[in-house]
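Have a look at the structure below before the remarks.
The values are calculated or read from the model by the stated rules, or taken from the named source; none is laboratory data. These figures come from a predicted structure and were not determined experimentally. Counting neighbours? That spans all protein chains shown, and the Cβs are built from the backbone with ideal geometry, glycine included.
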Amino acid sequence: MGIEKFIFYIFSVLLIASASMVITVRNPVKAALFLVLAFFASAVLWLLIKAEFLAIVLVLVYVGAVMVLFLFVVMMLDINIERMRAGFIRYLPLGILVALTMAGMLIWVVSGDGSAFNHSVLHGPSYSNTQALGLVLYTNYVYPFEIAAVILLVAIIAAITLTLRRRPNTKHQKPAEQIAVKRHDRVRMVKMKAEERK
Amino acid sequence: MLENYLPVFIFILVGVVVGGVMITIGFMMGPHRPDDEKLSPYECGFKAFEDARMKFDVRYYLVAILFIIFDLEIAFLFPWAVVLKEIGMFGYAAMVVFLGILVVGFIYEWKKGGLEWE
Amino acid sequence: MIEWITSLLSFLPSGWVTVIIILIKIVVIVLPLMLAVAYLTYAERKIIGAMQVRLGPTRVGWNGSLQPIADALKLMFKEIIIPAKASKFLFLLAPLLLIGPALAAWAVIPFDAQMVLANVNAGLLYVLAITSIGVYGVIIAGWASNSKYALLGAMRSAAQIVSYEIAMGFALVGVLMAAGSLNFGDIVRGQEGYGFVSWYMWPLLPLFVIYFISGVAETNRAPFDMAEGESEIVAGFHVEYSGMPFAVFFLAEYANMILISALASVMFLGGWLSPLAGLLPDSVFEIPLLGPLLGSGIHWFFIKIAVFLFFFLWFRATFPRYRYDQIMRLGWKVFIPITIVWLLVLGIAILAGLPPWFSAA
């Protein structure tokens, strides 16, 4: 039991430290990398409460996919840090409001009569929560599951309409057309009388 | 379950440490004679013009976004694949509908030319 | 062996003993892996040499057999150049992010019926997650170098890796459906029965082919080596690397090749299972010497890995490099539709209990 607590504290500290680095570090690329570290640390914490599937999917989806996009964007766009700093004071009240709401909700959930946590059951070592999840997700919760598909569909369409720009003057080969070219497409024989030289 | 993950965790550490040790060896063994020309970024022998961190075609972002969506789709497929035999025909039909909706998106993306590189 | 070490270390607290034993096991996996990587480079030069009617390395040691050692030593004594204006920490972190996952994925791979370091329930998911971290190494290497070629190579490489990861993920889902478990040991045991006929490569043939080709693309190997296409962007994301950091990149690439081969043999070719077990009468496997050789065991696993590695090298010697738009077209427009269709076909086959693979036994 001791070692579990030890690991918990190490990764909680790591999580909080890297999360605060995300918002304090100056270089946006480094901030994104700290966010990766934060996701990693929280995956370990989820693993500690035996949410095996969710922990690994957190790494797979957030670290493996979402943060790659973040890095792409942050690296390639010129983000003007000075201008972002200027907005700090203006958005501060809104930020504080959001933070307070979230803190309030957390306290409300945790300090209740504990009914939210009473459902946790300990399982044996061969228990696979991937399997347990699968057994309910596609049967009892099939409607939310299909709604998830619709949300993803909306995301695909939104992504395409927002980012797809046809560039008019790209130069690319069309090998099929190149091969299909016949002589008369390229050379035109012109019959004409010889001209007199002036 | 957790004791099964201890070796995994140690292995990740060892993997990183192996790389770290190798680079440290390189630093200890190799010479250190920096000069301006040597440290300048590679540019086929020219002086570098304009900043290396340039803007990229938006197509790369589109690929990344689509990757996220399909990755999520795969995450949904994993538990389904594991329990397919238990949930039987109903579960199969649920996934056919799920994939069907996403295939609509895929076809849209295809027809719009979101998958073209030119 | 393990008992002997435990008794030797009995003066330490039991927690430490567990950790030390794990460390010893890890070393037993990593050291041969490193050696295999070294000799894979040698095999590559020899085999491609033979395919191109050359000799390959011949000078160092018998028939050039010490060449990889010489290469390693040479790289060790080279200067490590960190370009001006590069972010030093990220520049050196990038190779670690590639080698770490390439090695750590081995934690869950079963070598034999009993031989596995971590018998994790969600083994396959873990491998997919840990290998998806490798792309950071590429992106960070490209960005931290502060060089145009490196950044171009990194972007190309990252977009390519990411695209093929989807096809790969779908192929893995097929394996999962067939086995009904995320545990690699269970996946191999699901392929027991009638020797090589029971392997998943037959019902999953399209997925198997797609998995392996995606594996070649994920490791940025020829013919998908756009990212380092020497003729246009010199060496891609690692153009600015020299000495040991370069060696680490190199090592990671080859370790990933071996990893992909090992995963392919575990998931599609029955890992340690013999292709003959279950087909020949039991008495054959009791013949001294020949019996264990023909029976299931770790040697079959290694033979299968070697076959896949040979394919990697063969591809490189045979195919011309793809153009970038062709790479993306293959990944998105060919592989993804095929995998989706095949998953649905496979679902029907599994629910119908298609023998001999899915019969409800």
Query raised in the report: Can we say residue C:156 is more than 8 Å from chain B (Cβ to nearest Cβ), part of a helix (DSSP H, G or I), touching a residue at least 40 places away in the same chain (Cβ under 8 Å) and of a type in the set (Lys, Arg)?
Result: yes
Report summary line: Within segment C:272-293, the residues that are at pLDDT 80 or above and in contact with a helix residue (DSSP H, G or I) (Cβ under 6 Å, 6 or more places away or on another chain) are C:272, C:274, C:275, C:276
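Could you check segment C:301-332 and list, in sequence order, the residues that are more than 8 Å from chain B (Cβ to nearest Cβ) and hydroxyl-bearing (Ser, Thr, Tyr)? Show your work before the answer.
Quick first cut of segment C:301-332, residues more than 8 Å from chain B (Cβ to nearest Cβ) only: C:301-323, C:326-327, C:330-331.
Once the filter is applied, which keeps residues that are more than 8 Å from chain B (Cβ to nearest Cβ) and hydroxyl-bearing (Ser, Thr, Tyr), segment C:301-332 yields C:318, C:322.
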Requested in this report: Of all residues in segment B:5-27, count the ones that are within 7 Å of chain C (Cβ to nearest Cβ) and farther than 14 Å from residue C:25 by Cα.
Outcome: 10
Requested in this report: Just one of (1) within 14 Å of chain B (Cβ to nearest Cβ); (2) touching a residue at least 40 places away in the same chain (Cβ under 8 Å); (3) surrounded by fewer than 14 Cβ atoms within 10 Å (Cβ to Cβ) trips up residue C:335, so point out which.
Outcome: (3)
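Residues are listed down the side, and each one gets a yes or a no for (1) under 22 Å from the mean Cα position of the chain (by Cα); (2) assigned to a helix (DSSP H, G or I):
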{"residue": "C:4", "(1), (2)": "no, yes"}
{"residue": "C:7", "(1), (2)": "no, yes"}
{"residue": "C:10", "(1), (2)": "no, no"}
{"residue": "C:19", "(1), (2)": "no, yes"}
{"residue": "C:26", "(1), (2)": "yes, yes"}
{"residue": "C:29", "(1), (2)": "yes, yes"}
{"residue": "C:32", "(1), (2)": "yes, yes"}
{"residue": "C:37", "(1), (2)": "yes, yes"}
{"residue": "C:41", "(1), (2)": "yes, yes"}
**Report entry** Residue ID - nearest to the other protein chains (Cβ to nearest Cβ), chosen from residues in segment C:163-202 that are more than 25 Å from residue B:82 (Cβ to Cβ) and under 22 Å from the mean Cα position of the chain (by Cα)
**Finding:** C:163
Report task. Could you tell me which numbered condition residue C:129 fails, if it satisfies all but one of (1) within 9 Å of chain A (Cβ to nearest Cβ); (2) buried (at least 24 other Cβ atoms within 10 Å of the Cβ); (3) not charged (D, E, K, R)? Result -> (2)
Query raised in the report: Which of the residues spanning segment B:93-115 are of a type in the set (D, E, K, R) and buried (at least 17 other Cβ atoms within 10 Å of the Cβ)?
Result: B:109
Requested in this report: Filter segment C:81-106 for residues that are touching a Leu at 6+ places or on another chain (Cβ under 8 Å) and either more than 8 Å from chain B (Cβ to nearest Cβ) or of a type in the set (Lys, Arg) (or both) and give the result.
Outcome: C:90, C:105
Query raised in the report: Any idea which of (1) touching a Leu at 6+ places or on another chain (Cβ under 9 Å); (2) modelled with pLDDT of 85 or more is the one residue C:19 doesn't satisfy?
Result: (2)
Requested in this report: State yes or no: is residue C:271 in a loop (DSSP other than H, G, I, E, B) and within 19 Å of residue C:212 (Cβ to Cβ)?
Outcome: yes
Requested in this report: Pull up segment B:77-91, narrow it to residues that are within 7 Å of chain A (Cβ to nearest Cβ) and of a type in the set (A, V, I, L, M, F, W, C), then point me to the one that is surrounded by the most Cβ atoms within 10 Å (Cβ to Cβ).
Outcome: B:82
**Report entry** Options C:118, C:70; residue that is free of Cβ contacts under 8 Å to residues at least 40 places away in the same chain, under 29 Å from residue C:28 (Cβ atoms) and within 8 Å of another protein chain (Cβ to nearest Cβ)
**Finding:** C:118
Query raised in the report: Can we say residue C:41 is touching an Asp or Glu at 6+ places or on another chain (Cβ under 9 Å) and among the hydroxyl-bearing types (Ser, Thr, Tyr)?
Result: yes
Report summary line: Checked segment B:1-38 for anything at pLDDT below 80, surrounded by 14 or more Cβ atoms within 10 Å (Cβ to Cβ) and under 21 Å from residue C:76 (Cβ atoms); matches are B:30
